[in-house]
Amino acid sequence: MRSAKSTGRIIGILMPLQMAFGLIVPFVLLQGPLSTAAPGFLVNAAASSLQIRLAVLIAFVGAALTVAIAITAYPVIRRYSQTLALWFLALCTASLVMDAIHNATVLAMLSLSERYTEPGAVDAGLFPAIGAAVRTIRYWAHYTQLIFIGGWIIMFYGILWRYTLIPRALAILGVTGIILQFTGVTLPAYLNYPSVNWMAMPLAPIHLTVAIWLMVKGFNERVAG
């Protein structure tokens with residue numbers, strides 16, 4: 001059986017990869033083509049088809065890495081709590097499903113744009129209304145996706161804190177970072193008030209700091225009891 005230290009080091013490698021492929025790179029690639037700024041995604045998306053498809057592919061890799069973290073951590077978490085290990089795996093799997101749903105809405109926007117920009121498109125006047133509906137679906141799929149992403153991250157750091165698998169100060173920083181992100185970005189969408197985007201910024205450096213710690217130190221070796 002792999003030791004806790006080596007397991008932690010593997011997860012330390014997976015964490016920045018998941019953050020890059022699951023969150024940062026797809027967001028950057030989709031920002032321009034799916035922008036609401038004029039002339040809008042109906043015009044822009046089709047012209048950036050390859051970029052959008054690449055973003056979706058990268059996002060699927062990031063979603064798979066989320067589950068890979070849960071599978072890798074499972075034997076260590078199970079030493080302390082079989083129930084928590086299973087719940088963590090289930091939550092990461094649910095996050096993957098929500099990522100897939102969000103990716104489907106992105107591809108739906110691309111398909112609509114491709115139809116809109118076809119020469120001689122039929123009923124072109126209907127496309128703005130359909131586009132607005134598809135964009136709204138993608139908006140809510142994205143913010144639902146963020147709930148599940150926040151859920152697995154806060155559970156991950158909660159488990160690290162509960163069983164002292166890393167220094168508790170680092171685990172508390174992780175919990176603080178994801179709570180700030182949820183409060184500043186995710187929650188405002190549901191309460192209909194403006195996002196405070198800077199509140200999401202601390203999470204990335206905190207996540208990277210924990211990843212580096214794990215790459216160097218791995219999980220603390222403790223006896224469950």
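Pairs of Cα atoms nearer than 8 Å and 6+ residues apart set the relative contact order; for the chain it is 29 percent.
Distance between the C-alpha centers of region 65-133 and region 163-192? Whole Å please. So the separation of the two Cα centres works out to 22 Å. Ranking 144, 44, 8 by Cα position along the charge dipole of the chain, where only Lys, Arg, Asp and Glu carry charges on their C-beta atoms, puts 8 farthest toward the positive end. Helix 82-116 and the longest principal axis of the Cα set of the chain meet at an angle near 20°.
Taking the C-alpha atoms only, the angle from helix 168-181 to the longest principal axis of the chain is near 20 degrees.
What angle do you read, to the nearest 10 degrees and between 0 and 90, between the alpha-carbon axis of helix 203-217 and the longest principal axis of the chain? In the chain, helix 203-217 runs at an angle near 40 degrees to the longest axis. With 0.36 nm allotted per residue and the present C-alpha distance subtracted, the residue 43-residue 72 stretch has 6.2 nm of extension available.
Could you list 28, 196, 61, 56 so that the one with the fewest beta carbons within 10 Å of its beta carbon is first and the one with the most is last? Display every interim value, and only then the final one.
Working: 28 10, 196 13, 61 16, 56 20.
Arranged by neighbour count, lowest to highest, 28, 196, 61, 56 become 28, 196, 61, 56.
Where a number appears in this text, it was derived from the coordinates with a stated rule and is not lab data. These figures come from a predicted structure and were not determined experimentally. Glycine also receives a Cβ, built like all others from the backbone with ideal geometry; neighbour counts cover every protein chain displayed.
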